[in-house]
Amino acid sequence: MTDGAPTDNIDTAVRRVVDMVKATKFTVFPIGIGSGADMKTLARFSPNRPPLRLDGLKFKEFFEWLSRSVARVSRSTPGDTVKLDLEGLAGWAEL
């Protein structure tokens, strides 16, 4: 999550995160907060999923959705594909 743009060089961090995502060791949900969030930079961290913008200050709705999503993943078997709750996104994301 970010409400702006980076102040440091992030190239190494982006490379490490993308490598872990591609190796299925890491999942990224890039979230921009407010109109000043640098969505283009957020997108660099997530090769599989475009960044979403939080709708206003709906942090509670976001964390409830995230909690439900993590619970679904924890009930799955390694190697299973767990579908993202796209309907739940409407409760907190600008679509």
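The values are calculated or read from the model by the stated rules, or taken from the named source; none is laboratory data. This one's a predicted model, so the numbers in the text were calculated from it and none came from an experiment. Don't worry about glycine lacking a Cβ; one is built from the backbone with ideal geometry, like all the others, and counts go over all protein chains shown. Just so you know, the surface numbers come from the protein's heavy atoms only, side chains and all, with ligands and any DNA or RNA stripped out. Shrake-Rupley method; radii C 1.70, N 1.55, O 1.52, S 1.80 Å.
If the condition is being acidic (D, E) and touching a Pro at 6+ places or on another chain (Cβ under 9 Å), then the range 15-52 contributes only D38.
The single condition from (1) open to solvent by 30 Å² or more (accessible area, probe 1.4 Å); (2) more than 27 Å from G79 (Cα to Cα) that L54 fails is (1). For the range 8-20, taking the residues that are farther than 23 Å from L52 by Cβ and not acidic (D, E), the one that is most open to solvent (accessible area, probe 1.4 Å) is identified as N9. The lone criterion from (1) under 21 Å from E87 (Cβ atoms); (2) of a type outside the set (K, R); (3) over 12 Å from the mean Cα position of the chain (by Cα); (4) open to solvent by 40 Å² or more (accessible area, probe 1.4 Å) left unmet by A71 is number (4).
Taking the criterion of being at pLDDT 95 or above and either exposed (fewer than 14 other Cβ atoms within 10 Å of the Cβ) or in contact with an Asp or Glu (Cβ under 8 Å, 6 or more places away or on another chain) (or both), the residues of the range 21-33 that qualify are G32, I33. Screening the range 76-87 for residues that are under 21 Å from F62 (Cβ atoms) and among the charged types (D, E, K, R) and picking the one that is surrounded by the most Cβ atoms within 10 Å (Cβ to Cβ) gives D85. Taken together, G56, G36 contain a single residue that is at positive phi and out of contact with any Phe, Trp or Tyr (no Cβ under 6 Å at 6 or more places or on another chain), which is G56.
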